Every structure is written in C-alpha cells, then in structure tokens.
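Everything below concerns the one structure shown next.
The values are calculated or read from the model by the stated rules, or taken from the named source; none is laboratory data. Note that the structure is a prediction, hence the values are computed from the model and not measured. A quick note on method: Cβ atoms are made from the backbone with ideal geometry, for glycine too, and the neighbour counts reach across all protein chains shown. Side chains included, ligands, DNA and RNA excluded: accessible areas come from the protein's heavy atoms. Shrake-Rupley method; radii C 1.70, N 1.55, O 1.52, S 1.80 Å.
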Amino acid sequence: MSSPATVPAPAVHPIRLTSPHLRRIIGEPPGPITGFLANLVLRWVAGLSRNTRERLTRFIGGLAYTLGIRRRVALENLALAMPERTEAERHAIVRGTYITMARAVLEALADRDRMPPDWEQEEVVGREAWLALQAHLATGKGALLVTAHFGNWEILGEVLIHRGVPLNALVRPLKGALNMRIAENRVRAGAGLIYPRGAVQETVDAISRGESVYMLLDQAIPSKGVFVPFFGKLASTTPAMAVAAQRTGVPAWVVMGVRDGPRMRVHIEGPIPPPPPEEGKDPITEHTALVTAGLERIIRQYPDQWLWLHRRWKFTPPAPGV
C-alpha cells in the first residue's frame, strides 16, 4: 500500500485511444422537441468560461441545498456514517456535496476550460502507488482503476488519459439529452465505454490489450452484490472489480480526484491485489472490502466531495446461512 507522500507531476502524454468497438454510445436520446430545447441549454452551458461556470456551480449548489432536494437522505447517511460529527458539521458537509455535484455536471458538459487549472503541474498524492501503476502499465497489461462519485470522476478520468493511461469506463446505457452529451464527451476525451452486457469479458480483453478499466464502486446494487463494510456498516457493492481481478490476475488501484475549488489533485492507493484463498472467506468479498476501505479513507478526509445524496445502505444483508 502506498504512502501519502506526493510525487512530482507526471508527464503529459499523447492520448492513446482505446479499441474502436468500445468507442460507441448506447442510450436513448430524447424526442425531437425535448432534444432541441435541451440541446439549446446544453450548448450554452458547454460554452461557459471556467469562472462563470464556477459561479453558476455555487449558485446551483446553494439553491439545491436551500430547497432541500434529498437533503434529508444526505443528513441521514452522514448521521449513520459519521456519528461523531455535530449537526452543524453535517449540514456544512451536505452543502459542500451539492456544490461538488453541481460542479461535476457542469464540468462534464463543458466544451472549453474543461480541465482543472494547472492540472499539468499538480503533484500526485501517493508516490509509491503511482510509480507501481506506471511499472505495471509498462508490462503491457492494463490496470483496474477504482473510484467513486467523488470530486469529479469524469474529469479525473480525462486527466488520467492525458497522463498516459488508456481508459475504458464501465458505464450503463443512459437516457436523455444530458446523459447523452456526457457520454459523447467521454468518447471525445479518449475513453472507451464498456456496457453491462458482457462487461466482465470486455474488461478481461481490454486489460490484455494494455487498456485500463475505470469503474465506480460506491453505489448500492439490488441483486448479485456483495456486502462489505463502508463507514462501519455493511453495504451492497458490485463484485465486478474483484471478479475481473481474479480472471486477469491484475491488482486494483484506488484513484480519486480531490478538489480545491476548480483545482484538482490526484490521490492514489495501491496496488491492491486479490487476496490469497483463505478458508471460510470469499475472495471476491474480501477484495471488494479492501478496495472499498481505500475509497472510505479518502472520503473521510474530504467528506463534502462525496455523493451523500445516494442511499448507500438501503439494502439489508441476508441472514447468516441464507
């Protein structure tokens, strides 16, 4: 596991595109009238300058907090996960969450000033982990990169691509003009897209080609999930990362983009290899738990940058023996 020491900013590399068959967009576009009106708004947002976008971010985030959109859910999650925080601290964290989410959406739609300012000069936090990732990629195999709905996971992926890491993002087919525009920007940035149907095999194939796979591991799933500790409570989590690690033999790295206003610094932990078999323990669950713990460590340091608006603990673990 890496130390938190920083490493000088990595070199900027020419973008290496992933496989053509993964650079396709699957989704349901809006109807003609809705799409026309929505695209007018989206084009306006896409053309905003960074400073204007940041002012709009704070306005939208503050408004959403004031209106209380899912505020109760966020506060309940925080009370469950961080009972040591005061009520005032929790409200401050939730307000920051709204600002973080507004910034993530507006930046994901942008056509100009898309990357965080001075991102090329930002040092990476986690020297050993970053060097280990570079050494692994130099072998010709891709890596499993795990992140969360934290900071701006869309722009973080783009920063990694510019730093020489070919990426395929694990995604779902989405609906509507907003989601279709975000998907288009992912492909334009150089990412491939892996959809749920056949995702594990696509992941295995991509890694063998030297393409890394970028996935979110912080949302509750209703079925086929494994329950692992997250802030001290068992949370249903996709086993996709751990299954892919077992099939490919490659480790995982936790990668997060910590924001400071419009700026962003990459934090990385790893490598986190699949644990050896141990009697009475499921290796898929154990590996998922190790990586989830890495996500939690960074979220604990910067709680206002995570999506507390999602009901992370809404599914109950099965009774023992079931």
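Okay, here's what the table says:
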quantity	calculated
Percent of beta bridges antiparallel (DSSP, the chain, rounded to nearest 5)	50
Contact order normalised by residue count of the chain, Cα under 8 Å, 6+ apart, percent	26
Fluctuation leader among Thr237, Thr18, Thr52 - the chain, Gaussian network, Cα springs under 10 angstrom	Thr52
His162 - accessible surface, heavy atoms, 1.4 Å probe, Å² rounded to 10	40
For Arg70, solvent-accessible area (1.4 Å; no DNA, RNA or ligand), Å²	110
Carbon/sulfur fraction of accessible area - segment 184-312, other protein chains in place, 1.4 Å, %	53
For the chain, calculated [θ]222 nm from helices alone, where every DSSP H run of n ≥ 4 adds -39500 (n - 2.57)	-14000 deg cm²/dmol
Low-density loop cleavage sites - trypsin sites (Lys or Arg not before Pro) in segment 97-142, where at most 13 other Cβ are within 10 Å (DSSP)	Arg112
Prolate/oblate/rounded call for segment 175-322, Cα gyration tensor, a/c under 1.5 rounded	rounded
Distance histogram for segment 1-153 (every C-alpha pair counted, 10 angstrom bins, percent rounded to whole numbers)	8, 23, 31, 27, 10, 0
Whole-number percent relative contact order across segment 54-199, with pairs defined as alpha carbons under 8 Å at least 6 apart	21
Förster-model FRET efficiency, 41 Å R0, Ile33 and Asp282, C-beta, rounded to 0.05	0.20
For segment 255-300 and segment 8-29, distance of Cα centres in Å	23
Centroid-to-centroid separation of segment 128-186 and segment 82-101 [C-alpha atoms, Å]	27
Val12 accessible area, assembled protein chains, probe 1.4 Å, Å²	80
Coordinate range along principal axes, alpha carbons of the chain, Å, largest first	56, 47, 43
Spacing of the two label points (7 Å from each Cα toward its C-beta) at Arg85 and Arg311, in nm	2.0
Added length on full extension, which subtracts the Cα-Cα distance from 0.36 nm per residue, Ile15 to Asp260	85.6 nm
Antiparallel content of DSSP bridges confined to segment 110-264, in %, to 5	35
Percent carbon-and-sulfur accessible area, segment 135-178, ignoring ligands, DNA and RNA, probe 1.4 Å	60
Residue order for Val243, Val250 - accessible surface, 1.4 angstrom probe, largest first	Val243, Val250
Accessible-area ranking of Thr238, Thr86, largest first, probe 1.4 Å	Thr86, Thr238
Phe150, Phe59, reordered so the largest accessible area comes first (probe 1.4 Å)	Phe59, Phe150
Segment 156-224 shape via C-alpha gyration tensor axes, a/c threshold 1.5	oblate
Partner lysines for Lys233 [C-alpha distance under 17 Å; skip if fewer than 8 residues away on the same chain]	Lys314
Simple label model, 7 Å out from Cα along Cβ direction - Asn51 to Ile26, nm	4.4
Linear extension gain, Gln246 paired with Ala5, 0.36 nm per residue minus alpha-carbon span	83.8 nm
Accessible solvent surface per residue of the chain, calculated while the other protein chains remain in place, 1.4 angstrom probe, Å²	46
